[in-house]
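Down below is the structure, laid out as structure tokens.
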Amino acid sequence: MGGFAEYVCVPQSALARMPAGMSYEQAAALPQAGAIALQGIQDEGEVQPGQQVLVNGGGGGSGMYAIQLAKLGGAEVTGVDNAEKLEFMRSLGADHVIDYTREDFTTSGRAYDVILDLAAHRSAFAYRGSLAPRGRYLYVGGSVGTLLQVLLLGPVLGRAEGKKIRLLAVRLGAKHLAPIVELCQAGKFDIVIDRRYPLSQVPEALRYLGEGHAKGKVVVIVE
Ligand SMILES: NC(=O)c1ccc[n+]([C@@H]2O[C@H](COP(=O)([O-])OP(=O)(O)OC[C@H]3O[C@@H](n4cnc5c(N)ncnc54)[C@H](OP(=O)(O)O)[C@@H]3O)[C@@H](O)[C@H]2O)c1
């Protein structure tokens, strides 16, 4: 977690053969972000055709996969991110986009069947208010305060209306990626790489990401 190196030791279960037809860069851009999107939209979100799905942080590394998967699942998709990423989210298929610096989707009065939250900073009560009856809110990443609320209050909040508010604990490993790899190989799904940096320029890569400019993935190349 969080390291960059030419040589690493990992458990064998963390490894998989690189899928046929994929470059190293594409394969590197897929595992964690792809698993988050797959589990958030399909396995745990159980997105159905015609549902309203919101991806908060939709212009980032995981969000770009989540928007595409939700569209493939037949949902009407809203992507939320900063102004620089609105066009990018539209290009991925988002039907509606919201600039989080100008609009708080939790106060808009609109309700969603599934909210996948990659940048959770609101209260669990606010998220409950943005869910349609029987809707699901999945916390993936964001503030610790929101995480604690989701863990402590999530199981009871919204229960009367069948709403589910909980943490998505992402399972990693090759077997969890197979469906998404197949979609990539079938050409139904894009891996968008915004920039590539050599290992020697990791600080620049992280700065670019941290400043909020990256649309899709930033890949570090070991030469
Ligand atoms: N639950 C788990 O098991 C698990 C496992 C692994 C990772 N994670 C978490 O999953 C998340 C993965 O995200 P990622 O890889 O997609 O990160 P990312 O590429 O950094 O994307 C996050 C996106 O959210 C945007 N954003 C920031 N604040 C926002 C706000 N208030 N409202 C809406 N969007 C906002 C960011 O835009 P800006 O550039 O403007 O900031 C960025 O485009 C991380 O938080 C990570 O910690 C969770």
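The values are calculated or read from the model by the stated rules, or taken from the named source; none is laboratory data. Keep in mind the model is a prediction, meaning the values are calculated, not measured. When we count neighbours, we look across all protein chains shown, and the Cβ atoms used for this are built from the backbone with ideal geometry, even at glycine.
Side notes on the structure shown:
- Qualifying residue in segment 24-41 (condition: of a type in the set (Ser, Thr, Tyr) and within 20 Å of Phe105 (Cα to Cα)): no
- Count of residues meeting criterion [closer than 16 Å to Val192 by Cα and buried (at least 17 other Cβ atoms within 10 Å of the Cβ)] in segment 80-92: 5
- Counting only residues that are touching a residue at least 40 places away in the same chain (Cβ under 8 Å) and within 13 Å of the ligand (Cβ to nearest atom), segment 70-97 holds 5 of them.
- Which numbered condition Lys71 misses (of (1) in contact with a strand residue (DSSP E or B) (Cβ under 6 Å, 6 or more places away or on another chain); (2) of a type in the set (D, E, K, R); (3) within 26 Å of Arg159 (Cβ to Cβ)): (3)
- Considering segment 167-207, and only residues there that are away from the ligand (no atom under 14 Å from the Cβ) and among the β-branched types (Val, Ile, Thr), the residue that is nearest to Ala5 (Cα to Cα) turns out to be Val202.
- Residue check for Ala20: of a type outside the set (Ser, Thr, Tyr), within 16 Å of the ligand (Cβ to nearest atom) and either out of contact with any Leu (no Cβ under 7 Å at 6 or more places or on another chain) or in contact (Cβ under 8 Å) with a residue 60 or more places away in the chain (or both): no
- Only one of the numbered conditions (1) under 14 Å from Val114 (Cα atoms); (2) without any contact (Cβ under 8 Å) to a residue 60 or more places away in the chain is not met by Val8, and that is (1).
- Test result for Gly210, under 18 Å from Asp43 (Cβ atoms) and within 16 Å of the ligand (Cβ to nearest atom): no
- Selected residue (criterion: modelled with the lowest pLDDT) from residues of segment 150-178 that are loosely packed, with under 14 Cβ neighbours inside 10 Å and in a helix (DSSP H, G or I): Lys175
- Residue, nearest to the ligand (Cβ to nearest atom), within segment 116-149, restricted to residues that are among the aliphatic types (A, V, I, L, M) and farther than 25 Å from Glu76 by Cα: Leu147
- Positions within segment 98-115 being within 12 Å of the ligand (Cβ to nearest atom), buried (at least 16 other Cβ atoms within 10 Å of the Cβ) and either touching a residue at least 60 places away in the same chain (Cβ under 8 Å) or not aromatic (Phe, Trp, Tyr) (or both), in sequence order: Ile98, Thr106, Ile115
- Looking only at segment 143-192, and only at residues there that are more than 18 Å from the chain's Cα centre (by Cα) and of a type in the set (Lys, Arg), the one that is nearest to Leu30 (Cα to Cα): Lys175
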